[in-house]
Each structure stands twice: as C-alpha cells, then as structure tokens.
C-alpha cells in the first residue's frame, strides 16, 4: 500500500485548456489554478489550420507559458478544428503526423486518441481503428510520444473495457475517462470497477469530471453522482502518470479549485471524505 501511495503522488495534476484564460480568454489563470500541466485541445487553440498544417504562431505562444502539456488529438466532431476519425481508415494519418510533430515541438510525451466512430458496421470501424493504431505506433515512436487511447461512449470504438483487449500493446496505454465510464455503467447496469479490473495495467492517463449518469456534463468532482471515494481508491492501485481535470461546466469557481485539490490530495486516502463532504458537494444549477 505504501508503494501504491508513492506512485500515485508522482502523478502530474493538470486541467484542460478550455479553462485556462491564457489560452481561451475564459476560466482561470495558471497562477490561480496551480496545476502542473495543461491538456491542449484543438478546439481551444488553433494548433492546426483548416488544411491540417501546423500553426507555428500558436506553438511559439504556448512555449512562453511556464507549464507542461499533454495533448488531446483532434476528434471526429471538432467544432473549430480539423477532424480525425480512425474508424474511416487511414485518411487521417497525415493529420496525426502533424499532431505528433506538435507534441514534439512542445516536449509533450502523452497524446490522447479516440477510437473510431461507428457509422454502420461496428466491425469495420473496429478493424479500421486497429489498423490505424498500428500505423500510428511507428509515427509516435518517431516523435517520441506515447499514445493513450481513451474510453468513450455509445457509437464509438472503446466504450466498453473489453474492447481494448485487441487494441492495446506495450506501446499504447489507456486514458481512463471516469465521466465516460460512469455514463456507460449507468446506462447498461455495469460496475465501474470493471474498467479498473480490465484496464488497470494500462491506465497511465486519466480524465476526471463528474455527471449525473445521463449526459456528459463535464462537471467538477462532487457536482454529479460519481462515487469519487471509490474512484480515487482504485486509482491509487494504478500507475497513473497524469490526472487531468476535464471540466467544462461548473456551479462556481471554488468547485473547480476544490476539484484540483481533491485530485492532488485526495489520492491520499485521509483527504477524500473531508474534501467531498465539506468543500465540493453543492447543488448543481444548470
């Protein structure tokens, strides 16, 4: 148990770029957030132009901020950026090469990737995702980055933990998105412990956010229904490198800051109950 605690305490605590005012002009300053890293999203800052080419000006600006980064690759439904869907075959590999180049330019090790969309045939989307990942491994090694595949929700590859068994190897890790896992468990009557049981050896990167089990709200920890005491205790048994607060909506700013505190101190068992009950648990107002 002491060894597990020590490993967990080494995890970097970060937040998504959506809430970083230096990047999106909304949310909080890095001085206020007091996090170790920021996970960059392509819908938050134009790292690629509409043709998929690298925006060097954005890279230069991010290099001036005194913070480490992880990178979330473009998804299939990016509102303000190029899109990537591994379920459609290899047409997006050129874009992904530029994503890895961006990671290399910013000294980023971890790149989060989504499995492909299921448009018609599940099996075709699964095989296309598998083939794309095999191709991306070589590119990732070339740019010294680690792919971490995220669990998703309905209509995308990687909604259930057993789907990862054929997609992972020593060079691909897992991004455990706790909010997504809770949505799937609530909808299909599963236990969240199944995600930990099946994916524990591969979980290196974690997205933390809360919801009520029906909509992907991306709330601060404690504003939804997720059992954070259980989740944090399970995470203590994993070799987590990064804990990212992927918060996009919140009741008030203190809930965001207390979520960061819980992620950093809540790993130490004695903090979990105190922070959840006294500081974070408040009514959610839509």
>> I'd like to check something: does the stretch 50-70 contain any residue that is touching a residue at least 12 places away in the same chain (Cβ under 8 Å), over 21 Å from residue 175 (Cα atoms), in contact with a strand residue (DSSP E or B) (Cβ under 8 Å, 6 or more places away or on another chain) and assigned to a helix (DSSP H, G or I)?
In response: yes
> In the stretch 190-215, which residues are exposed (fewer than 15 other Cβ atoms within 10 Å of the Cβ) and farther than 14 Å from residue 226 by Cα?
Replying inline: 197, 201
>> Please count how many residues of the stretch 105-139 are at pLDDT 95 or above, farther than 26 Å from residue 155 by Cα and either exposed (fewer than 14 other Cβ atoms within 10 Å of the Cβ) or touching a strand residue (DSSP E or B) at 6+ places or on another chain (Cβ under 7 Å) (or both).
In response: 4
> Considering 92, 77, which residue is over 27 Å from residue 13 (Cα atoms) and at pLDDT below 95?
Replying inline: 92
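The values are calculated or read from the model by the stated rules, or taken from the named source; none is laboratory data. These figures come from a predicted structure and were not determined experimentally. Note that each Cβ is placed from the backbone with ideal geometry, even for glycine, and that neighbours are counted across all protein chains shown.
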